[in-house]
Amino acid sequence: MKDCIKAEAAADLIPDGAVLLIGGFMAVGSPLRLIDALVARGAKDLTIVANDSAMPGKGIGKLVTAGAVSRMIVSHIGLNPETQAKMIAGEIDIELVPQGTLVERIRAGGVGLGGVLTPTGLGTEVEDGKQTIEVNGRRFLVEPPIRGDFALIGCRQADYVGNLDYSLTAHNFNPIMALAADMVIAEPDVIVPVGVIPPDAVKTPGVLVDRLLQRAA
Amino acid sequence: MKDCIKAEAAADLIPDGAVLLIGGFMAVGSPLRLIDALVARGAKDLTIVANDSAMPGKGIGKLVTAGAVSRMIVSHIGLNPETQAKMIAGEIDIELVPQGTLVERIRAGGVGLGGVLTPTGLGTEVEDGKQTIEVNGRRFLVEPPIRGDFALIGCRQADYVGNLDYSLTAHNFNPIMALAADMVIAEPDVIVPVGVIPPDAVKTPGVLVDRLLQRAA
Amino acid sequence: MMEAKERIARRVAREIKPGSLVNLGIGLPSMVANFVPADRGVFFQAENGVIGLGARPPEGMEDPHLTDAGGGFVTAVPGAASIDSAMSFGLIRGGHLDMTVLGGPQVDERGHLANWKVPGKMVPGMGGAMDLVTGAKRVVVAMQHAAKGSSKIVRECTLPLTAQRRIDLVVTDLAVIEPTDEGLVLRERAPGVTIDDVMAATEARLLVRGAVPEMPLD
Amino acid sequence: MMEAKERIARRVAREIKPGSLVNLGIGLPSMVANFVPADRGVFFQAENGVIGLGARPPEGMEDPHLTDAGGGFVTAVPGAASIDSAMSFGLIRGGHLDMTVLGGPQVDERGHLANWKVPGKMVPGMGGAMDLVTGAKRVVVAMQHAAKGSSKIVRECTLPLTAQRRIDLVVTDLAVIEPTDEGLVLRERAPGVTIDDVMAATEARLLVRGAVPEMPLD
């Protein structure tokens with residue numbers, strides 16, 4: 001049985017300066033109550049690893065607006081002008097990573113691989129300063145793994161032992177991020193008894209999950 | 001709608017000398033009717049990439065007994081004395097690969113990665129003759145990707161557009177191998193109408209599958 | 001006369017083969033789906049997580065967990081599959097995607113695309129564009145021939161490249177152009193547009209190899 | 001007196017922490033599960049594809065799609081999850097596995113394990129052993145102290161190594177031994193066995209640091 005905690009208690013577990021992997025794609029599938037709780041507690045100096053920074057007033061965009069973020073590793077910030085403005089003003093240090101490379105770097109961090117060998121980015125600015133390697137006569141970028149202190153996961157159902165499932169386009173980065181952090185906190189839409197999610201439907205095994213967020217009051 | 005063919009027709013598609021990725025773990029989850037059809041057609045000189053060679057009279061073991069195999073890339077042959085005997089006699093060339101490295105090499109072949117960086121095998125015979133690389137101050141083996149001419153996939157259900165699901169420990173290498181071959185032939189227990197496998201339950205999208213095996217007569 | 005964007009979308013739709021897997025970028029490229037008949041068995045991928053992207057849902061029946069890469073509500077067609085980002089980009093990077101249609105500020109004579117950054121002005125990030133251009137079997141660029149009076153088909157990209165891979169086809173409101181070893185070959189012209197009109201509107205050198213028929217737009 | 005294998009399995013079971021994820025090798029290590037109370041919330045992983053491996057099914061109710069890594073029929077406990085080989089070894093290699101219990105012909109003074117090949121005699125292949133020893137948080141070797149009269153705890157492995165990682169604990173029918181920076185430390189002895197008995201049965205040098213109590217075997 002997993003510990004089940006309130007959003008405020010979860011936000012208290014996460015210190016300023018932490019590296020957070022946050023699931024979601026334009027806020028779809030993001031752990032929205034966890035994000036709100038981090039904003040409410042006045043979190044500072046966070047490093048956010050995520051696909052994107054959503055938009056002002058939505059998902060990760062709220063953390064940007066609140067000034068809680070000092071660094072981001074993301075693939076896209078085009079729909080959040082605040083993120084772009086803060087980057088240009090030097091308030092947020094941003095590393096832009098191709099989306100497929102980003103998810104593989106997180107997976108590498110989660111499954112114990114030493115890095116990712118990919119042709120994506122070769123011959124572009126993404127190659128600048130990077131290690132490359134030749135395998136079977138082809139050249140690849142060597143992209144290092146990414147891990148977080150915490151992974152904040154949005155999901156559809158969790159059962160009492162922490163098994164998770166996801167819905168439609170709300171999967172996105174969540175199942176991969178659940179592999180790659182020291183502490184994994186899942187925010188399910190509903191929590192169900194053991195057995196409601198059958199073994200073949202489990203997408204994140206409970207052994208990966210450390211805490212569940214209580215149901216919304 | 002996918003082409004649906006008899007096992008004999010599938011075996012005729014696969015020429016002697018082909019490289020086959022075959023799913024299954026000790027024959028559990030293996031495409032058993034496809035294997036029988038290959039044996040029946042007298043296939044020769046196959047390269048088999050699989051977790052293991054099962055045991056005499058079961059799954060891939062039948063291909064070994066029939067003399068259809070000239071090369072294997074596998075993690076374990078301990079339960080098939082015939083495979084070991086044929087290796088020692090020089091009849092089958094065997095590359096032994098750690099199981100986790102094997103599945104990652106196939107995945108790399110399937111998702112366009114240049115190779116796998118892993119600590120598994122460092123300081124052992126597995127390192128002999130291999131390229132290594134240092135990333136973030138740690139040393140890793142560089143293991144090259146694996147692809148097949150064909151992937152032969154065992155699954156539970158297929159729908160008419162080729163979406164697949166799997167049951168319990170019969171998943172094993174199947175979902176990964178379905179990514180990594182020029183032609184993917186799936187052998188389902190049952191074929192069901194579109195919609196019977198809901199989107200969230202699909203484990204191999206039909207776009208990866210080229211042919212379905214007809215139901216058993 | 002047909003609106004420019006619709007003309008581009010209709011022409012690109014003809015490039016899509018029955019039964020193929022296709023990714024459409026946001027903006028103009030996403031219009032292409034409107035001109036692909038449902039009976040062709042084409043599956044559209046939204047890189048955020050679905051194979052079998054469908055049209056907008058009926059008002060009031062939107063699912064907040066079913067959106068396209070721009071965050072807009074969509075539906076899923078029968079036979080759709082949910083995928084996570086690792087599978088989504090595994091398909092893109094592993095050569096399983098038959099075609100991608102992308103927009104872009106610039107294409108140059110070597111067939112290079114630049115579409116993710118305008119230094120000093122706009123840095124949206126590459127999102128999935130670098131993976132798509134590097135990994136898709138076929139890359140089609142759908143864009144206006146010119147923006148603010150200047151050609152978007154240039155001698156050499158002045159903006160940062162999206163990939164070193166040569167794209168396969170450019171479809172604009174004026175022409176269809178194929179990058180080749182020799183350079184950009186003019187394949188088709190829009191109805192009522194002459195070869196000279198296209199040349200005049202293009203900064204890059206265009207080669208003429210054989211006939212240059214009008215674009216089919218059925 | 002308790003049979004040797006049961007003694008080993010009982011002692012190893014005490015190493016398993018509540019709520020942990022544990023992989024048991026085939027043979028002797030698989031017996032350990034019999035001595036772990038169900039209420040401890042331990043999940044056993046079968047590397048072929050299930051988290052939450054359970055005991056043998058009732059006669060006639062076996063599912064051919066639910067087996068352990070040796071191919072034998074098993075059950076799944078409530079809360080079990082099916083996993084494919086990529087996830088299974090992702091868990092093992094990514095440091096998510098709290099403990100693995102493996103057998104082995106040889107452990108040496110540096111704590112190296114050799115358990116996948118006897119050159120010229122038997123080449124079963126490493127299966128998951130190299131990944132398990134490299135990736136698990138804790139590696140416990142469960143084996144007979146000697147085979148055919150000769151010690152399996154040796155000065156230096158003569159068989160090919162499974163990994164360069166130092167394993168964490170060895171449990172035999174005679175002793176519990178912990179590999180350390182200084183060498184192999186004798187931690188416990190079997191009931192009725194003296195320190196001298198253990199030393200005499202062991203090729204490797206064993207260090208004694210403080211008390212060497214009898215193994216608890218409840």
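The values are calculated or read from the model by the stated rules, or taken from the named source; none is laboratory data. Since the structure is predicted, the reported quantities are computational estimates derived from the model, not experimental observations. Neighbour counts are summed over all protein chains in view; Cβ atoms, including those assigned to glycine, are modelled from backbone coordinates with ideal geometry.
The table that follows gives values for the structure above.
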quantity	calculated
D:ARG93, sole failed condition from (1) free of Cβ contacts under 8 Å to residues at least 40 places away in the same chain; (2) crowded, with 24+ Cβ neighbours inside 10 Å	(1)
Subset of segment A:32-88 (residues that are among the charged types (D, E, K, R) and over 19 Å from A:ALA180 (Cβ atoms))	A:ARG33, A:ASP36, A:ARG41, A:LYS44, A:ASP45, A:LYS58, A:LYS62, A:GLU82, A:LYS86
Test: residue in segment B:124-141 that is of a type outside the set (A, V, I, L, M) and in contact (Cβ under 8 Å) with a residue 60 or more places away in the chain	no
Qualifying residue in segment A:124-133 (condition: in a strand (DSSP E or B) and more than 15 Å from the chain's Cα centre (by Cα))	yes
Members of segment D:20-60 found to be in contact (Cβ under 8 Å) with a residue 24 or more places away in the chain, out of contact with any strand residue (DSSP E or B) (no Cβ under 7 Å at 6 or more places or on another chain), more than 23 Å from B:VAL103 (Cβ to Cβ) and not in a helix (DSSP H, G or I), listed by number	D:GLY27
Single residue of C:ILE92, C:ILE8 found to be of a type outside the set (Gly, Ala, Ser), more than 9 Å from chain A (Cβ to nearest Cβ) and under 30 Å from C:LYS117 (Cβ atoms)	C:ILE8
Hits in segment B:24-83 (condition: within 15 Å of B:PHE173 (Cβ to Cβ), β-branched (Val, Ile, Thr) and touching a strand residue (DSSP E or B) at 6+ places or on another chain (Cβ under 7 Å))	B:VAL28, B:ILE48, B:VAL49, B:ILE60, B:ILE73, B:VAL74
Some residue of segment C:97-115 being modelled with pLDDT of 95 or more, surrounded by 24 or more Cβ atoms within 10 Å (Cβ to Cβ) and facing chain A (nearest Cβ under 8 Å)	no
Among the residues listed as B:ALA186, B:ALA181, the single one being closer than 22 Å to C:ALA86 by Cβ and over 10 Å from the mean Cα position of the chain (by Cα)	B:ALA186
Meets criteria (of a type outside the set (D, E, K, R) and within 17 Å of C:VAL22 (Cβ to Cβ)) for C:VAL118	no
Identity of the residue in segment D:11-59, on the phi > 0 side of the Ramachandran plot and within 14 Å of chain B (Cβ to nearest Cβ), that ends up surrounded by the fewest Cβ atoms within 10 Å (Cβ to Cβ)	D:GLY27
Residues of segment A:168-200 satisfying the condition of being in a strand (DSSP E or B) and within 17 Å of A:THR101 (Cα to Cα)	A:ASN172
Residues that are part of a loop (DSSP other than H, G, I, E, B), surrounded by 24 or more Cβ atoms within 10 Å (Cβ to Cβ), within 11 Å of chain C (Cβ to nearest Cβ) and not hydrophobic (A, V, I, L, M, F, W, C), drawn from segment A:93-119	A:PRO98
Within segment B:3-29, tally of residues that are within 12 Å of B:ILE185 (Cα to Cα) and at pLDDT 95 or above	13
For D:MET2: the one exception among (1) more than 12 Å from every other protein chain (Cβ to nearest Cβ); (2) modelled with pLDDT under 95; (3) outside any helix (DSSP H, G or I); (4) within 22 Å of B:ALA27 (Cα to Cα)	(4)
Members of segment A:144-158 found to be buried (at least 24 other Cβ atoms within 10 Å of the Cβ) and either over 21 Å from A:ASP52 (Cα atoms) or polar (S, T, N, Q) (or both), listed by number	A:ALA158
Residue ID - farthest from B:ALA7 (Cα to Cα), chosen from residues in segment B:144-159 that are touching a Gly at 6+ places or on another chain (Cβ under 6 Å) and more than 9 Å from chain A (Cβ to nearest Cβ)	B:ILE146
Whichever residue in segment A:120-135 is among the β-branched types (Val, Ile, Thr) and surrounded by fewer than 22 Cβ atoms within 10 Å (Cβ to Cβ) and, among such residues, is nearest to C:GLY120 (Cα to Cα)	A:THR132
Qualifying residue in segment C:65-79 (condition: aliphatic (A, V, I, L, M), within 11 Å of another protein chain (Cβ to nearest Cβ), free of Cβ contacts under 8 Å to residues at least 12 places away in the same chain and under 24 Å from A:GLY59 (Cβ atoms))	no
Residue that is surrounded by the most Cβ atoms within 10 Å (Cβ to Cβ), among those in segment D:116-139 that are under 21 Å from D:GLU15 (Cα atoms), β-branched (Val, Ile, Thr) and facing chain B (nearest Cβ under 10 Å)	D:VAL133
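Quick grid of which residues meet (1) without any contact (Cβ under 8 Å) to a residue 24 or more places away in the chain; (2) more than 21 Å from C:GLU6 (Cα to Cα); (3) surrounded by 21 or more Cβ atoms within 10 Å (Cβ to Cβ):
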| site | (1), (2), (3) |
| --- | --- |
| C:ILE167 | no, yes, yes |
| C:THR172 | no, no, yes |
| C:GLY183 | no, yes, no |
| C:VAL193 | yes, no, no |
| C:ASP197 | yes, no, no |
| C:ALA201 | no, no, no |
| C:ARG209 | no, yes, no |
